[in-house]
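Trainee: Before I ask anything, here is the structure I am working with.
The values are calculated or read from the model by the stated rules, or taken from the named source; none is laboratory data. Fair warning: this is a prediction, and the values are worked out from it, not measured in the lab. As a convention, Cβ positions derive from the backbone with ideal geometry for all residues, glycine included, and neighbour counts pool all protein chains shown. The protein model used for the area step is the full one, side chains on, heavy atoms only, and it has no ligands, DNA or RNA in it. Shrake-Rupley method; radii C 1.70, N 1.55, O 1.52, S 1.80 Å.
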Amino acid sequence: INIDVLPLGDFAKNNGYKFVQKDVREGLPFKDQSVDLIYSSHFIEHLTYEEAFNFIKECKRILKPQGVCRLLFPDTEKLVKNYLDKKMESLDELSDASKYAQIDRLWNFIFSGHKSAFDFELIQKIGQDLNFHVEKKEFRDGNKQILKETIDSLPEVSLFVELTA
């Protein structure tokens, strides 16, 4: 079931997707411990830290025991390393930044609608506070069912983390 705040019902219907229009900052529309798998790609960085914590808390609430939540988000460490190594041009296709300055490329990428930044240490702390088992994964590595049913996007800038209830 795909969830988005945007009105994507017609697109979902035309492409055979199950869809619910919902602002998940208000909670997830599922019963406690009723969901096996959750996949969230490049979403939590568009939330404040409090909203992101509450979203992950909601994931914990609805996941069955041993259920898995796979989170993808910009890897702040990779971005900073690209900046320090003067390799921000590798992200030009993902940004509208000036092609002249490394700092402009970094700044544009970080602040293009993003309200927060994450690294593994922060997600691990949030996950542990919510009694998740937290694992850093690599591109196309992780829960086999999630990988079968989804597409990992932006591997060159993403951090992949799985939280197991």
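Trainee: Among the listed pairs Lys22/Lys57; Lys13/Lys137; Lys81/Lys137; Lys31/Lys64; Lys64/Lys144; Lys22/Lys125, which are separated by more than 21 Å between their Cα atoms?
Mentor: Lys13/Lys137; Lys22/Lys125
Trainee: Right, here's the next one. Order the peptides 129-141, 67-79, 34-46 from the highest to the lowest mean number of other Cβ atoms within 10 Å of their residues.
Mentor: The densest-packed peptide leads the list: 67-79, 34-46, 129-141.
Trainee: Kindly provide log₁₀ I(q)/I(0) values, in the same order as q = 0.19, 0.22 Å⁻¹, from the Debye equation applied to equal alpha-carbon scatterers of the range 6-74.
Mentor: -0.86, -1.08
Trainee: Sticking with this one: Which peptide among 20-32, 101-113 comes first, and what is the full order, when sorted by highest mean count of other Cβ atoms within 10 Å? Working shown, then result.
Mentor: Working: 20-32: 13.4, 101-113: 15.4.
The packing order, highest mean first, is 101-113, 20-32.
Trainee: Rolling a 1.4 angstrom probe over the protein heavy atoms, how many square angstrom per residue are accessible across the chain?
Mentor: Per-residue value: 60 Å².
Trainee: For the chain, what is the calculated [θ] at 222 nm in deg cm²/dmol (nearest 500), taking -39500 (n - 2.57) for each run of four or more DSSP H residues and dividing by its residue count?
Mentor: Counting only the DSSP helices, I get -9500 deg cm²/dmol.
Trainee: Okay, next question. Using a cut-off of under 17 Å, list every residue of the range 23-49 whose amide N is near the label point 7 Å from the Cα of Lys78 along the Cα-to-beta-carbon line.
Mentor: 40-46
Trainee: Can you pull the one-decimal nm distance between simple spin-label points at Thr48 and Glu121, each 7 Å off the Cα toward Cβ?
Mentor: Roughly 2.4 nm, to one decimal.
Trainee: Give the value in nm², to one decimal: projected area of the alpha carbon convex hull of the range 36-90, averaged over all directions.
Mentor: Values: hull surface 18.8 nm².
Reported value for the Cα convex hull: 4.7 nm².
Trainee: Further question on the same structure: Please provide three numbers in whole Å: the alpha-carbon extents of the range 52-165 along the principal axes, with the largest listed first.
Mentor: Projected onto its principal axes, the Cα set of the range 52-165 covers 50, 28, 22 Å.
Trainee: Take the solvent-accessible surface of the protein heavy atoms, probe 1.4 Å, and return the percent of it on the chain that carbon and sulfur atoms account for. Walk me through the numbers before you get to the answer.
Mentor: Numbers: 5150 of 9930 Å².
Carbon plus sulfur share of accessible area: 52 percent.
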